[in-house]
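Enquirer: The structure is given below, and queries will be raised subsequently.
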Amino acid sequence: MAALFAVTYGISTPLAAYGVFLPVFAEAFGWSRGAISAALSLNLVLGGVAGFMVGALADRHGPRLLLVVTVILASAGFILVATIDKLWQLYLFVGVLGGIGMSGFYLLGASTVAHWFVASRGLALAIVLVGFNLGYITGGPLAAWLIDAVGWRQAYAWLAGSCGVVTLAAALSVRLPRGRETAELRDLASASFDGSVEGVRPGSTLREALADARHWYLNASWLLQGALALMVSVHIVPFARDQGIGLAEASLALTTYGIGAALGRLTAGALSDRLGPRATIYVAYGLTALALLSLRWIPSREVLLASVALFGAGFAATDTMVVKVVPDLFGMRAIGAIMGILTLGWRCGAAVGPAAAGLLHDLTGSYAIPFGAAPLAVVASAVLFALGTSTRRGPGLRARPSSRGRDRPG
């Protein structure tokens, strides 16, 4: 779990810093924000397509080799950003190399945790995935400080290179349970769940999962979450600067986002092991919608920072709950491939979100339309999640006996 946390944190930091570099690129080269955001969109789409293949291979060969290869590609891509002079180079290094390189860390982290943990899976997932959010706590201010100290080229090289070393070292120690560990986990799973899913056998194949409507409801729900998360994280710094806030202060929005997301993910992970994922995620959806409404309609520096923190908490909680219900609904047989398809949906949304927001800003001169429509996307995502988890019930969504002899959900 510690190794997967380090992988998630190390590979997320250069991505988190991209929003700080976005206005710097625009000023240095005269590129539009929409064009710069498109590099990240390419990263996310290619990463989603490659992620399906990475997940399927991990089901056969385990996560270690695939993590090592993808980490090397991602590190190389982000380091080479320091050499760009043309827009196509940004697309090649961030979009292609970075996209393929970042294709596996999230789904391999989530699927590997699912192999190792049963009763406390929600908290374990939260601890690993909180590395993604800690990247936003440190990535923004660190990037802003490095840009001021050594210039943007060396800043990106140092940031990507140091994160690459940490991530590669951690990836080398990741493995699946084996031997006695596997038997003990199987016994724990049998004691925790009743072993049946209405309409879907435990351990669904990829074909069976794709034929299940719940899979597509969850996919669409997660797609909308990805669009919202990346739109806010990529454009919150230029959104703040449009309100007259300086770069260093605006980068604090990424820090507050990361702090809120870290706390929200850990809290939701722990609560979901007791209350169940449905109750947890609906509270999180409410917090997310409230944050977006405040961000759009109450313009001030203090409200902006508080709203971004609340948005981070809500998004991270909903994100963790989607990941948590996947093995409960579809089992472990093809968890890598199934997570790969779902991650592709999330990445497609994440690719469209920032690109669409950048384009709308370029056309209208403000973020009023994308940030104003965001609460509606939250409502739609909540409805789709409800359909994806209530059409038929999986074992992880039923009440199960606790160690104290009571029934408790989750």
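The values are calculated or read from the model by the stated rules, or taken from the named source; none is laboratory data. From a predicted model like this one, the values you see are computed outputs, not experimental measurements. Cβ: placed from backbone, ideal geometry, glycine included. Neighbour counts: every protein chain shown. Surface accessibility is based on the protein's heavy atoms, side chains included, excluding ligands, DNA and RNA. Shrake-Rupley method; radii C 1.70, N 1.55, O 1.52, S 1.80 Å.
Enquirer: Confirm whether R278 is open to solvent by 10 Å² or more (accessible area, probe 1.4 Å), charged (D, E, K, R) and out of contact with any Gly (no Cβ under 8 Å at 6 or more places or on another chain). Talk me through it step by step, then tell me what you get.
Expert: Values: open to solvent by 10 Å² or more (accessible area, probe 1.4 Å): yes; charged (D, E, K, R): yes; out of contact with any Gly (no Cβ under 8 Å at 6 or more places or on another chain): yes.
So R278 fits the description; yes.
Enquirer: I need every pair where a residue in region 34-45 that is in a helix (DSSP H, G or I) has its Cβ under 6 Å from the Cβ of a residue that is of a type in the set (K, R), sequence separation at least 6 or different chains.
Expert: Between residues of region 34-45 that are in a helix (DSSP H, G or I) and residues that are of a type in the set (K, R), the close pairs are L44/R347.
Enquirer: Can you pull out the residues in region 32-61 that are of a type outside the set (A, V, I, L, M) and open to solvent by less than 10 Å² (accessible area, probe 1.4 Å)?
Expert: Within region 32-61, S37, N43, G47, G48, G51, G55 qualify.
Enquirer: Sticking with this structure for a sec: Can you confirm whether V166 is among the hydrophobic types (A, V, I, L, M, F, W, C) and closer than 13 Å to Y9 by Cβ? Spell out how you get there, then give the answer.
Expert: Numbers: among the hydrophobic types (A, V, I, L, M, F, W, C): yes; closer than 13 Å to Y9 by Cβ: yes.
The answer is yes for V166.
Enquirer: For region 12-31, what are the residues that are assigned to a helix (DSSP H, G or I), open to solvent by 10 Å² or more (accessible area, probe 1.4 Å) and hydrophobic (A, V, I, L, M, F, W, C)? Before the answer, list the steps.
Expert: Here is the first cut: in region 12-31, the residues assigned to a helix (DSSP H, G or I) are 12-16, 18-29.
Right, trim to open to solvent by 10 Å² or more (accessible area, probe 1.4 Å) and you get 15, 24, 26-29.
The answer is L15, V24, A26, A28, F29.
Enquirer: Given A351, A284, A262, A313, which one is more than 30 Å from W145 (Cβ to Cβ) and of a type outside the set (V, I, T)? Full working, then the answer.
Expert: Working: A351 fails: more than 30 Å from W145 (Cβ to Cβ); A262 fails: more than 30 Å from W145 (Cβ to Cβ); A313 fails: more than 30 Å from W145 (Cβ to Cβ).
Within the list A351, A284, A262, A313, the selection yields A284.
Enquirer: Please work out if Y9 is within 19 Å of the chain's Cα centre (by Cα) and among the aromatic types (F, W, Y). Walk me through it before giving the result.
Expert: Working: within 19 Å of the chain's Cα centre (by Cα): yes; among the aromatic types (F, W, Y): yes.
It is true that Y9 is within 19 Å of the chain's Cα centre (by Cα) and among the aromatic types (F, W, Y).
Enquirer: Here is a further query. Regarding A306, is this residue open to solvent by 40 Å² or more (accessible area, probe 1.4 Å), closer than 25 Å to L129 by Cβ and at pLDDT 85 or above? Let's see the steps before the verdict.
Expert: Values: open to solvent by 40 Å² or more (accessible area, probe 1.4 Å): yes; closer than 25 Å to L129 by Cβ: yes; at pLDDT 85 or above: yes.
Taking the combined requirement at face value, the residue satisfies it.
Enquirer: Looking only at region 363-387, which residues are β-branched (V, I, T) and open to solvent by less than 40 Å² (accessible area, probe 1.4 Å)? Talk me through it step by step, then tell me what you get.
Expert: Here is the first cut: in region 363-387, the residues β-branched (V, I, T) are 364, 369, 378-379, 383.
Of everything in region 363-387, just one residue is β-branched (V, I, T) and open to solvent by less than 40 Å² (accessible area, probe 1.4 Å), namely V378.
Enquirer: Right, another one. When you check L344 against the structure, is it open to solvent by 40 Å² or more (accessible area, probe 1.4 Å) and modelled with pLDDT of 85 or more, yes or no?
Expert: Values: open to solvent by 40 Å² or more (accessible area, probe 1.4 Å): yes; modelled with pLDDT of 85 or more: no.
Considered against the rule, which asks whether it is open to solvent by 40 Å² or more (accessible area, probe 1.4 Å) and modelled with pLDDT of 85 or more, L344 comes out as no.
Enquirer: Among V96, V113, V69, which is the only one that is β-branched (V, I, T) and over 19 Å from the mean Cα position of the chain (by Cα)? Give the steps one after another, and end with the answer.
Expert: Values: V96 fails: over 19 Å from the mean Cα position of the chain (by Cα); V113 fails: over 19 Å from the mean Cα position of the chain (by Cα).
Sole residue among the options that is β-branched (V, I, T) and over 19 Å from the mean Cα position of the chain (by Cα): V69.
Enquirer: Hey, can you tell me all the residues within region 62-92 that are hydroxyl-bearing (S, T, Y) and open to solvent by less than 30 Å² (accessible area, probe 1.4 Å)?
Expert: Let us first name the residues in region 62-92 that are hydroxyl-bearing (S, T, Y), namely 70, 75, 83, 91.
Of everything in region 62-92, those that are hydroxyl-bearing (S, T, Y) and open to solvent by less than 30 Å² (accessible area, probe 1.4 Å) turn out to be T70, S75.
Enquirer: Another question about this same structure. I need the full set of residues from region 93-118 which are assigned to a loop (DSSP other than H, G, I, E, B) and open to solvent by less than 10 Å² (accessible area, probe 1.4 Å), in order please. Step through it out loud before you land on a result.
Expert: To start, the set of residues in region 93-118 that are assigned to a loop (DSSP other than H, G, I, E, B) comprises 102-104, 117-118.
Scanning region 93-118 gives M102, S103, G104.
Enquirer: Taking the residues in region 85-136 that are modelled with pLDDT under 85 and polar (S, T, N, Q) as candidates, determine which candidate is nearest to V71 (Cα to Cα).
Expert: S103
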